[in-house]
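As C-alpha cells, the structure follows; a few thoughts come after it.
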Amino acid sequence: SWLDTYVSAVLGRKASHVTILDVRPLTSVADAFIICSGRSHRQVSAIADFTRRELKKQKIQPLSVEGLKEGHWVLLDYGHVIIHIFYEPVREFYDLEGLWIDARRVITESLLQWEHVHAKELHDERSPLLYAHYPGWLGY
C-alpha cells in the first residue's frame, strides 16, 4: 500500500494510537491523515525526526513541518499525506478524529503487522486492531 511507507516510518519510534483517516471525499487538502501520539514532548519530537529521516531515505520530503521544537503537536505535510504527531493530552483536547468523524478509518498491512507483534502490549480500546471488522474501515 502507498500508505504503508508513511505508517512504517511513524511506527519506527513506537508511536501509539495510530489512526489513519481517508479524507479524500471530504477535503482537497490531502488524501489521508495519519494521527498518532507520543507519551512525552520528547517522544513526539523523536517520532517526527525519525519519520522525516526514514522518508527522506526514500526521497520523500515534507512540504512543511510545524511544531517540531515544542513537541505538543507536530504536523508533517507531505502533500497527499499529512502526519499529525501529538502529545496525548493535546490530541485529546483537539480531537481530530472527532472533527473528521465522517472520514473512513483505514488499516494498512504495516499497522496490522505491528499490532500483531505488539498485541500483548496493547490493552487499549482505541487500538485499530479491535475495530478492524467494523464498518467504515478500509484496507489499502
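Quick notes on this one:
- Among the residues making up the stretch 38-57, none is touching a helix residue (DSSP H, G or I) at 6+ places or on another chain (Cβ under 6 Å) and part of a loop (DSSP other than H, G, I, E, B).
- Looking across the stretch 11-31, the residues that are closer than 18 Å to Y94 by Cβ and touching a residue at least 12 places away in the same chain (Cβ under 8 Å) come down to A15, S16, H17, V18, T19, I20, L21, V23, L26, V29, A30.
- For K59, the criteria (1) more than 24 Å from L26 (Cβ to Cβ); (2) open to solvent by less than 60 Å² (accessible area, probe 1.4 Å) hold in every case but one, which is (2).
- Any chance R52 is modelled with pLDDT of 95 or more and of a type in the set (K, R): yes
- Answer residue from the stretch 22-45, given it is in contact with a Ser or Thr (Cβ under 9 Å, 6 or more places away or on another chain) and of a type outside the set (S, T, N, Q) and is surrounded by the fewest Cβ atoms within 10 Å (Cβ to Cβ) among those: R39
- In the stretch 70-87, the qualifying residues are those that are outside any strand (DSSP E or B) and under 20 Å from A9 (Cβ atoms), and the one that is most open to solvent (accessible area, probe 1.4 Å) is H80.
- Among residues of the stretch 7-21 being in contact with a strand residue (DSSP E or B) (Cβ under 9 Å, 6 or more places away or on another chain), open to solvent by 10 Å² or more (accessible area, probe 1.4 Å) and not in a loop (DSSP other than H, G, I, E, B), the one that is nearest to L99 (Cα to Cα) is T19.
- From the list I35, I60, the one residue that fits, being out of contact with any Gly (no Cβ under 9 Å at 6 or more places or on another chain) and in a loop (DSSP other than H, G, I, E, B), is I60.
Here is a yes/no grid of residues against (1) more than 21 Å from G12 (Cα to Cα); (2) open to solvent by less than 100 Å² (accessible area, probe 1.4 Å); (3) at pLDDT 50 or above; (4) not in a loop (DSSP other than H, G, I, E, B):
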| position | (1), (2), (3), (4) |
| --- | --- |
| E92 | yes, no, yes, yes |
| E97 | yes, yes, yes, yes |
| D102 | yes, no, yes, no |
| S110 | no, yes, yes, yes |
| H116 | no, no, yes, yes |
| D124 | no, yes, yes, no |
| L129 | no, yes, no, yes |
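The values are calculated or read from the model by the stated rules, or taken from the named source; none is laboratory data. This is a predicted model, so every value here is computed, not measured. No Cβ is skipped: glycine too gets one built from the backbone with ideal geometry, and neighbour counts run over all protein chains shown. Remember, those area values only see protein heavy atoms, side chains included, never the ligands or the DNA or RNA. Shrake-Rupley method; radii C 1.70, N 1.55, O 1.52, S 1.80 Å.
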